[in-house]
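All of the numbers you see were taken from the coordinates with simple rules; none came from a lab. What you see is a predicted model; the values in this text were computed from it and never measured.
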Amino acid sequence: MVQARVASTSVGGAPTGDRTTISDSQKGTGPALVSASDAVLAGKDTLLLLDQIGNIVSVNRMTGDRAELPNPGKGELSHALIEGLSRSEAGVLYTHGLFLNAMIAIDSLTGERVIYSK
């Protein structure tokens with residue numbers, strides 16, 4: 001399996017468009033990144049990525065280290081296929097459960113998932 005790469009693009013000052021690798025198989029430790037589909041900032045040094053199979057991976061922007069956010073969901077939420085990711089100022093993540101036809105709220109620290117709106 002080919003691991004995806006997370007990169008940042010220069011936009012401050014005189015933007016150059018140069019890309020800098022934040023995390024990949026050569027930079028950082030943790031689970032391999034698989035085709036990230038969405039990303040949100042979660043603090044100064046943390047990026048949260050949603051991968052193609054609904055896992056949320058925390059990436060330290062300084063070290064490249066990766067950690068999968070736990071998914072202690074129960075019942076239909078334990079294996080819900082999700083798409084899209086947004087984050088509130090309070091740190092709650094929101095996503096859409098594809099086959100549940102519901103909005104799901106996710107605690108960004110514990111990974112606990114609850115149906116927010118159906």
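Data for the structure
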| quantity | calculated |
| --- | --- |
| 5 angstrom amide H check on THR46, placed H, neighbours 5+ away | ARG61 |
| Proportion of all alpha-carbon pairs of region 6-117 beyond 26 Å (%) | 21 percent |
| For region 101-109, Karplus couplings with θ = phi - 60° (6.51, -1.76, 1.60), whole Hz, Gly/Pro x | 6, 8, 8, 10, 9, 10, 6, 6, 9 |
| Amide H within-cut-off set for TYR116, under 5 Å, with H built and near neighbours excluded | MET103, ILE104, ALA105 |
| Amide proton proximity set for VAL92, modelled H, under 5 Å, gap of 5+ | none |
